[in-house]
1. From the list 212, 242, pick out the single residue that is closer than 23 Å to residue 57 by Cα and part of a helix (DSSP H, G or I).
2. Could you tell me whether any residue of the range 129-139 is in contact (Cβ under 8 Å) with a residue 24 or more places away in the chain and exposed (fewer than 15 other Cβ atoms within 10 Å of the Cβ)?
3. Quick test of your reading of the structure: residue 156 fulfils all but one of (1) loosely packed, with under 13 Cβ neighbours inside 10 Å; (2) assigned to a helix (DSSP H, G or I); (3) not assigned by TED's automatic domain parsing to the domain that holds residue 15. Name the failing condition by number.
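The values are calculated or read from the model by the stated rules, or taken from the named source; none is laboratory data. Note that the structure is predicted; figures quoted are calculated from it, not measured. As a convention, Cβ positions derive from the backbone with ideal geometry for all residues, glycine included, and neighbour counts pool all protein chains shown.
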């Protein structure tokens, strides 16, 4: 084992009802503890989130409301999870941005004290992205086996992009080659505005994708706090975002 450990490290992964660390809940947590001598120990819990699991989330991780019926809530297992992690460092994939914030919220709600800040965090995704850059030149080298000369020259960049797409379609025959199919793989279709500040939920309703109201419907927020609309309209937001929220606000005024 090349990893140098002074104390155990716990790699963990969370499945949840969604991506909002403030309002969503854990439905499964798996932990793998690696000790300095190379020995291992693991622990897995299915968790009742006490809120419905959206279909979109179940489609990703395969866990449904029926699967967690009768399972303990996180507050019931928080003590065991904390005990498993105490005295260790933490590892994960995209854990810095999602898993650790989500876990911290669940511990806080459960009233369990664990000082995550005293732990070292190893995010494997960060290492991956730093060692394997995700930029146009790297994609051109990977898919086309060519060096991108004149990078950041607009014509060179756009020509390389076209070559990369053709190479991707050849490499991945399972891809839908239609523009509609390729477009559906991205997030832009979920954006109500181009900046991604407002997105559509599964019902096609505008939802905040930032700030203190992230995950809440724009219409509901404006109906309860109309000054938030005024704050956004006077703030440094893109004009198209302001158009989107104005349309929502007008629907509210016309009801």
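1. Just a single option satisfies the conditions, and that option is 212.
2. If we filter the range 129-139 for residues that are in contact (Cβ under 8 Å) with a residue 24 or more places away in the chain, which is where we start, we get 136, 139.
Then keep just the ones that are exposed (fewer than 15 other Cβ atoms within 10 Å of the Cβ); that gives none.
Checked against the condition, which is being in contact (Cβ under 8 Å) with a residue 24 or more places away in the chain and exposed (fewer than 15 other Cβ atoms within 10 Å of the Cβ), the range 129-139 yields no hits at all.
3. Unmet for residue 156, out of (1) loosely packed, with under 13 Cβ neighbours inside 10 Å; (2) assigned to a helix (DSSP H, G or I); (3) not assigned by TED's automatic domain parsing to the domain that holds residue 15: (1).
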